[in-house]
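I have placed the structure first, in the form of structure tokens, so that the comments after it can refer back to it.
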Amino acid sequence: MFSKIVTFIKFFFSVYDLIRLNFFILFNKIFYPKKKIIFIYHPTRSLTFNNKNYLEQLFNDYGKDYLIINGNQISTIREKGSFYIINNFFLKFIFGTNIFFTTYISDDFTPNSIRVYMHHDIYDTPLVNNKKLHEFYNRVIKYNYLFLPNKQSVKMFENLFAKFNENKIDKIPELFETGYYKLDFLNDKKKFYQIKENQNIIIAPTNFLIWPEFCINNLEEVIATLLRETKYKIIYRPHPSNWKHPDVINVIKKFSKFEKFNYDTSIDYFEIYLNSQCMITDLSGTAYTYSFFTKKPVIFFSQNEKLLNNLNYDQLSYFKDREKIGILCENLSGLINSVLNIKNGNYNKINSIEALENNFTYLGKTKYRTKNLIDDILIKIYGKKT
């Protein structure tokens with residue numbers, strides 16, 4: 001009974017925000033007809049906070065020619081310019097937006113808007129498993145434009161479209177390289193931060209609900225062995241999509257009594273990443289964000305290399321470049337040995353990390369590049385400003 005009341009209250013607030021939002025847009029259309037409206041939407045509730053702050057900074061100085069509106073599925077966000085949308089279905093009742101902008105794929109959109117997807121991953125990490133690749137293709141081609149971080153990501157999407165659009169029947173989104181604003185944001189913030197001496201190692205697995213065949217399948221054994229055989233503090237940072245999963249909760253409960261164990265589900269990993277010796281992961285996209293940001297090595301614990309190769313994932317730069325930013329281990333003993341040798345500098349990868357990072361055409365310029373692209377797109381659709 002209580003849950004039904006809560007659901008009703010949330011539904012009521014969402015309807016209220018929907019009406020309020022439409023009046024807000026109408027007001028601006030009447031009194032500021034030249035102003036263009038960008039609607040930033042977070043279609044995945046569990047991942048909202050991971051990109052919310054970065055997107056706010058990305059769009060924070062668009063000036064009087066733009067109105068920036070945020071939509072999300074979290075009722076407690078009551079900031080100015082933010083509106084609560086209880087379900088993606090409600091999007092079709094939001095009228096008058098010019099650009100619909102997301103960093104995760106949405107299947108619903110505001111009517112008659114230009115659809116822009118900015119890819120949330122820094123590298124060409126596999127998009128989804130092969131069984132769902134065609135489904136992903138059908139979802140992403142609903143967008144008009146894709147903003148992608150680098151040439152590797154552009155190539156990955158080009159290959160996706162070539163694979164499923166051989167007969168050139170579908171209208172494919174236009175692809176633009178834009179840089180990766182999250183990295184720009186972190187690098188700017190790092191300039192004013194004093195890095196501390198630490199003995200921390202981060203374990204950051206991928207989303208095991210999507211990649212069960214490639215995730216760290218003996219995570220408890222890995223953590224127990226690291227606690228027993230090394231002097232490091234172990235920080236377990238589960239994938240945001242898995243934070244409330246029973247398996248994650250069980251791991252946290254099991255090791256919470258250990259002084260050298262901690263877990264991190266913070267929105268901002270700025271300090272956690274900087275104040276660490278290295279990261280251990282499987283195929284999480286955060287590996288390259290960590291490496292480019294900290295210039296420290298990543299230990300890739302890959303227990304199913306044969307399957308990776310059979311699926312041709314080894315052709316992706318994500319996998320080709322692993323040993324340029326870190327170490328590849330296929331068993332627990334190799335993993336422990338790599339961790340024990342981190343401190344003595346045997347795995348200094350600064351030069352190769354920086355070489356990869358410098359391949360970003362718009363490194364440090366993502367904000368400027370994104371604004372120019374949006375200006376150009378709107379001019380193309382609506383004509384030059386008068």
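Between residue 256 and residue 4, the distance separating the two model label sites (each 7 Å from Cα on the Cα→Cβ line) works out to 3.3 nm. Taking only Cα atoms, what is the 0 to 90° angle, nearest 10, from helix 48-58's long axis to the longest principal axis of the chain? It is inclined by approximately 60 degrees.
Using the Cβ-Cβ distance between residue 266 and residue 195 with R0 set to 22 Å, the FRET efficiency works out to roughly 0.80. Once the Cα atoms are used to define both axes, helix 2-31 deviates from the longest principal axis of the chain by about 50 degrees. Separation of the range 310-386 from the range 126-158 is 17 Å, based on Cα centroids.
For helix 151-164, what angle does its Cα long axis make with the longest principal axis of the chain, in degrees from 0 to 90 and rounded to 10? The two axes meet at around 70 degrees. Between the alpha-carbon centres of the range 48-75 and the range 1-44 there is a gap of 14 Å. A viscosity of 1.567 mPa s and a temperature of 4 °C, combined with the Kirkwood radius over Cα pairs in Stokes-Einstein, give a translational diffusion coefficient for the range 187-357 of 79 µm²/s. Note on residue 32 and residue 241: the model spin-label points, each 7 Å out from Cα along the C-beta direction, lie 3.6 nm apart. Across the cross-link table entries 190/257; 296/371; 142/380, which are compared at the Cα atoms, the separations over 21 Å belong to 190/257; 296/371. Counting only residues at least eight positions apart within a chain, or on another chain, the lysines with an alpha carbon under 27 Å from that of residue 10 are 52, 80, 92, 244.
When peptides 179-185, 301-307, 235-241 are ranked by their average number of other Cβ atoms within 10 Å per residue, the highest-first order is 179-185, 235-241, 301-307.
Computing FRET efficiency as 1/(1 + (r/R0)^6) for residue 75 and residue 224, where r is the C-beta to C-beta distance and R0 is 51 Å, gives about 0.80.
Each value in this text was obtained by applying a stated rule to the coordinates, not by laboratory testing. The structure presented is a predicted model; accordingly, all values stated were derived computationally and were not measured. Using ideal geometry, Cβ is built from the backbone for each residue, glycine included, and neighbour counts are taken over all protein chains shown.
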